[in-house]
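Peer 1: Here it is: the structure, laid out below.
The values are calculated or read from the model by the stated rules, or taken from the named source; none is laboratory data. If you're wondering where the values come from, they're calculated on a predicted model, not measured in any experiment. Please note: Cβ atoms are built from the backbone with ideal geometry, for glycine as well, and neighbour counts cover all protein chains shown. Ligands, DNA and RNA are stripped out before the accessible areas are found, and what is left, the full protein with its side chains, is counted by its heavy atoms. Shrake-Rupley method; radii C 1.70, N 1.55, O 1.52, S 1.80 Å.
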Amino acid sequence: MSTDLGMPGTSPTAGTAGVPRLAEDAPKQTKKEFTSDQEVRWCPGCGDYAILAAVQGFLPDLGLKRENIVFVSGIGCSSRFPYYLDTYGMHSIHGRAPAIATGLATSRGDLSVWVVTGDGDALSIGGNHLIHALRRNVNLTILLFNNQIYGLTKGQYSPTSEVGKIAKSTPMGSVDHPFNPVSLALGAEGTFVARTMDSDRKHLTEVLRQAAEHRGTSLVEIYQNCPIFNDGAFDLIKDRTQQEARIVHLVDGEPVAVGPEGDRKVLVRTDGGGMEFVPESEVGEREVVVHDVAAPEPTQAFALSRLDTPEMTHVPMGIFRNVDRPTYDDQVRHQVEAAVGTAGGPPTDSDLDELIRGRDTWTVA
Amino acid sequence: MSSKSVQQLDRVVIRFAGDSGDGMQLTGDRFTSETAALGNDLSTLPNFPAEIRAPQGTLPGVSSFQLHFADHDVLTPGDAPDVLVAMNPAALKANLGDLPRGATIIANTDEFTKRNLGKVGYDANPLEDGSLESWHVHPVALTSITVEALAEFDTLSRKDKERAKNMFALGLLSWMYHRPTNGTESFLRKKFGSKPDILAANLAALTAGLNYGETTEDFAVSYEIAPAKMAPGTYRNITGNLALAIGLTTAAHRAGIPLVLGSYPITPASDILHTLSGFKRYGVTTMQCEDEIAGVGAALGASFGGAIGVTTTSGPGVALKSETIGLGVSLELPLVIVDVQRGGPSTGLPTKTEQSDLLQAMFGRNGESPVPIVAPRSPADCFDAALEAVRIATTYRTPVFILSDGYLANGSEPWAVPKVAELPAMTVEFATEPNDTDADGKPVFHPFKRDEKTLARPWAVPGTSGLEHRVGGIEKANITGNISYDPDNHDLMTRLRAGKVERIAESIGDLEVDDPSGEANVLVLGWGSTYGPIAAAVRSVRNSGAKVAQAHLRHLNPFPANTGEVLRRYDRVLVPEMNMGQLALLLRAKYLVDVHSFTQVRGLPFTTVELADAIVSLLEDDAATDPTSEEVRA
Ligand code: SF4
């Protein structure tokens, strides 16, 4: 590849650069404009409602023409999402949304393409497409609703369910070791990887904002409660009395720390090359881990993702990684544009005639 | 020029055979180009192993290229070679069975060593033990003569020199059949431009081969085959895979929409991906995806965005793509699936031809999921089939199958090239504004409100203001496209989707029957790549004085409207297929006509002789059981 990667300019709109925007003086869109006329059919109390409300509330902030936004989903409870948004949308088939979205985003640089998926959809049946979208760095924002269960098929364990999960298909407990979606995304060369939670509207919205700003594949894992088949899966970090001690808020450039003022623990490096939380007062000479979302190597981000355990003693939340890397779709379009440009513009009939004739012709009179 | 005698021939079949590493495909390709340039009609059949480099000198490693050329219209690559070029004992052994007695064998004696003979189970050297008496054998020390001819090239290793032996063979054959070599010379200049000594060596080997024929007593006769009488026009030689790539590109250009290919490498379809990846200048986007499913997914995603999404594959890939093709049926979006069929089931015979995916294309999806099917009949016809598939896909908003096969993919023939401006017009209309009103009389867009004539739904692409809508694989309410589980609606939508595909028949014309006598009682009906062999067999049967009709299906779903009527017009219908009778099954089911299935799955096209025999035996049956039929019709 030549040095000119055909990358559109960066900020203020990198992730949505090339997507038509509303005029500066146009009135701001409303949440209502992004709400379709379809009746929402999730179970009462489902975490999906909060995520939908947050997304509908956030989309106007992008200032994009509504017709240039597309939501593509797979199969599962969360994948009904596109029906409820008044944008273009496709509810596709199980696991394939990242592949379909890759084709759409690559052929249409003027669209803001979003993928909505779940833990079963993205990590089980569609695992291959997810990792390849991440490594290619297609300009997509992928919202992965993780409820650690199969909801739509009525309660089987999922690839993020904890070992020992008693579910419809595992009466004696599941023996499958789960995926950590953040670790997986980082291992798959993800350039933007974040985690947030359905019930924290403010945090969710801020992560969405940064995900949309990122040019490339943004993977946002959203902890989502399924009150029907896996109620309370995230209670330990939703419970106000406990969450402060458990949630590790990742802040770029700041030491990684957890716990309330006065009982704060700070993450330090151990002699063996690992990391551990120690009370702030005991840090002493030890090296404090400072979060760096833009670190070129994903090593530290990966280590942070491993702090997370099924016991939820410490759960990092926020943006793990946010680095720039040329996107697949920009480069594919650039190659085509460059070839067309070098040839002197779009093909004419006579260019096609030449292609059809090839180099070796003969004439019969 | 020489004093040697020159004979006139009307047709020749040559087979070049050697080890996979001997460059036989290249040699065959070059000889083909020379032959095309001379104005002969021709047809080719490459035949190579699935392994890239099977052990040297063994039977599984034999690669061959057959070329049939003539001073008249050629329909097949030829049943049996008149000349076999055998670069080693394995090539001789693997091909001798196909060689009629009296045919010519040019054998590279250098490779007939004890070791190589042993590798293929020859106890004695067949070139010396008299076992080839019934053939006309030219033993030529191809390798050593080539090396000798290149003696002055000090910079080249012996191995490099040996490698040029295929050019020596090409030179010799070019002398024998009066082929011009200037095309090959400029080809070599292009190929080896950056390696001057290799280029010079190849050119020298080519010339040495020509001179060898000229001077050696062993070759006393050379042959001329006059140009064929072909319709006036500009011609090129083309393979099916290349014709498909160019056809798809041309179709998208005519339709004014981008071509987006999502694909995954698979034999024998990969060349279409390779070729299209080089067509960026024509605005073609190609994506080599992580798997077959992603390939078709990316194509469908692009179609949602207003491109013509195409995916190219072979049978095993179609199996993986099925669910996404079903989604395309449900979303009613254009999509072209190119299936270059090969021997199955499972991995089967990756490099060999077969027509056994017809029922997979027809039915290989869950639910009622009709997909139109177009099948090209010859390598050059792949161009027209591509245009037709894109026309149907964009007009009717539906996935369309193109069923090519390994024989068409790699085989070649001369093609009278069309002018783009003279091709049928292709227009694509995107929805731009609301097409309905809601209960309050407000204009709205209903994504499943259909065109009355075609039953196609509007194609509204993202970026079109006011037409924002959602589509999905869940059943949709007629007109509005909202999710609907209503029993009557599902029944209606299922019938609408089927009816839409049926209506394509209105745009494809009738099935034409070729029956010069107008008195035939027997019809031979084929589809796809069997056209050439069937036409050749029909011609040979007619030449013997019998009457037989021929028809060939290009559209397999829907069938042309008059298909049932044509079938019923004949006492007997013979349906030859390279499968176990898949078209026959469809015809019997749909038209209640007891067609005679004639099948073969050997990984190779039918020979003219075996098809002619099948036709003759059906003619005899017909005469035996219905002796009055001739009189009645007379
Ligand atoms: S099953 Fe669970 S995830 Fe699905 S809609 Fe109901 S509550 Fe939500």
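Peer 1: Looking at region B:254-265, can you tell me whether even one residue there is surrounded by fewer than 21 Cβ atoms within 10 Å (Cβ to Cβ), at the interface with another protein chain (Cβ under 7 Å from one of its Cβ atoms) and over 20 Å from B:S322 (Cβ atoms)?
Peer 2: yes
Peer 1: Can I ask one more? Considering region B:449-491 alone, what residues qualify as being of a type in the set (G, A, S) and either assigned by TED's automatic domain parsing to the domain that holds B:I257 or not in a loop (DSSP other than H, G, I, E, B) (or both)?
Peer 2: Hit for region B:449-491 is B:G472, nothing else.
Peer 1: Just checking, how many residues over region A:117-155 are away from the ligand (no atom under 16 Å from the Cβ), in a loop (DSSP other than H, G, I, E, B) and open to solvent by 10 Å² or more (accessible area, probe 1.4 Å)?
Peer 2: 1
Peer 1: Could you tell me how many of the residues in region A:326-340 are at the interface with chain B (Cβ under 8 Å from one of its Cβ atoms) and open to solvent by 50 Å² or more (accessible area, probe 1.4 Å)?
Peer 2: So the answer is 1.
Peer 1: B:K280 fails exactly one of the following numbered conditions: (1) under 30 Å from B:P334 (Cβ atoms); (2) touching a strand residue (DSSP E or B) at 6+ places or on another chain (Cβ under 6 Å). What is the number of that condition?
Peer 2: (2)
Peer 1: Every residue in region A:13-51 that is within 16 Å of the ligand (Cβ to nearest atom), open to solvent by 10 Å² or more (accessible area, probe 1.4 Å) and away from every other protein chain (no Cβ under 13 Å), please.
Peer 2: Hits for region A:13-51 are A:W42, A:C43, A:P44, A:G45, A:C46, A:Y49, A:A50.
Peer 1: Restricting region B:577-588 to residues that are out of contact with any Asp or Glu (no Cβ under 9 Å at 6 or more places or on another chain) and outside any loop (DSSP other than H, G, I, E, B), which is surrounded by the fewest Cβ atoms within 10 Å (Cβ to Cβ)?
Peer 2: Here the residue is B:L585.
Peer 1: If you take the residues of region A:52-80 that are open to solvent by 20 Å² or more (accessible area, probe 1.4 Å) and at the interface with another protein chain (Cβ under 10 Å from one of its Cβ atoms), which of them is nearest to the ligand (Cβ to nearest atom)?
Peer 2: Within region A:52-80, the match that is nearest to the ligand (Cβ to nearest atom) is A:R80.
Peer 1: I would also like to ask the following. Name, by its number, the condition in (1) within 16 Å of the ligand (Cβ to nearest atom); (2) at the interface with chain B (Cβ under 10 Å from one of its Cβ atoms); (3) farther than 22 Å from A:W42 by Cα that does not hold for A:Y83.
Peer 2: Of everything listed in (1) within 16 Å of the ligand (Cβ to nearest atom); (2) at the interface with chain B (Cβ under 10 Å from one of its Cβ atoms); (3) farther than 22 Å from A:W42 by Cα, A:Y83 misses just condition (3).
Peer 1: Would you mind telling me which numbered condition in (1) more than 14 Å from every other protein chain (Cβ to nearest Cβ); (2) in contact with a strand residue (DSSP E or B) (Cβ under 9 Å, 6 or more places away or on another chain) B:E51 fails?
Peer 2: Evaluating B:E51 over (1) more than 14 Å from every other protein chain (Cβ to nearest Cβ); (2) in contact with a strand residue (DSSP E or B) (Cβ under 9 Å, 6 or more places away or on another chain) leaves (2) as the failure.
Residues are listed down the side, and each one gets a yes or a no for (1) at pLDDT 95 or above; (2) in contact with a strand residue (DSSP E or B) (Cβ under 9 Å, 6 or more places away or on another chain); (3) farther than 26 Å from B:A252 by Cα:
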residue	(1), (2), (3)
B:A409	yes, yes, no
B:I474	yes, yes, yes
B:N482	yes, yes, yes
B:N489	yes, yes, yes
B:R497	yes, no, no
B:A505	yes, yes, no
B:I508	yes, yes, no
B:L511	yes, yes, yes
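Peer 1: Can you tell me which residues in region B:24-44 are away from every other protein chain (no Cβ under 13 Å) and either free of Cβ contacts under 8 Å to residues at least 40 places away in the same chain or open to solvent by 20 Å² or more (accessible area, probe 1.4 Å) (or both)?
Peer 2: The answer is B:Q25, B:L26, B:G28.
Peer 1: Still on this structure, I have one more. Assess whether A:A343 counts as being open to solvent by 40 Å² or more (accessible area, probe 1.4 Å), facing chain B (nearest Cβ under 7 Å) and either at pLDDT 95 or above or closer than 30 Å to A:Q300 by Cα (or both).
Peer 2: yes
Peer 1: Can you tell me which residue in region B:189-232 is farthest from the chain's Cα centre (by Cα), limited to those that are within 14 Å of chain A (Cβ to nearest Cβ) and part of a helix (DSSP H, G or I)?
Peer 2: B:R189
Yes/no matrix, rows are residues, columns are (1) within 16 Å of the ligand (Cβ to nearest atom); (2) part of a loop (DSSP other than H, G, I, E, B); (3) open to solvent by less than 20 Å² (accessible area, probe 1.4 Å); (4) out of contact with any Pro (no Cβ under 9 Å at 6 or more places or on another chain):
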{"residue": "A:G216", "(1), (2), (3), (4)": "no, yes, yes, no"}
{"residue": "A:V220", "(1), (2), (3), (4)": "no, no, yes, yes"}
{"residue": "A:A233", "(1), (2), (3), (4)": "yes, yes, no, yes"}
{"residue": "A:I237", "(1), (2), (3), (4)": "no, no, yes, yes"}
{"residue": "A:Q242", "(1), (2), (3), (4)": "no, no, no, yes"}
{"residue": "A:A245", "(1), (2), (3), (4)": "no, no, no, no"}
{"residue": "A:D252", "(1), (2), (3), (4)": "no, yes, no, yes"}
{"residue": "A:P260", "(1), (2), (3), (4)": "no, yes, no, yes"}
{"residue": "A:D263", "(1), (2), (3), (4)": "no, yes, no, no"}
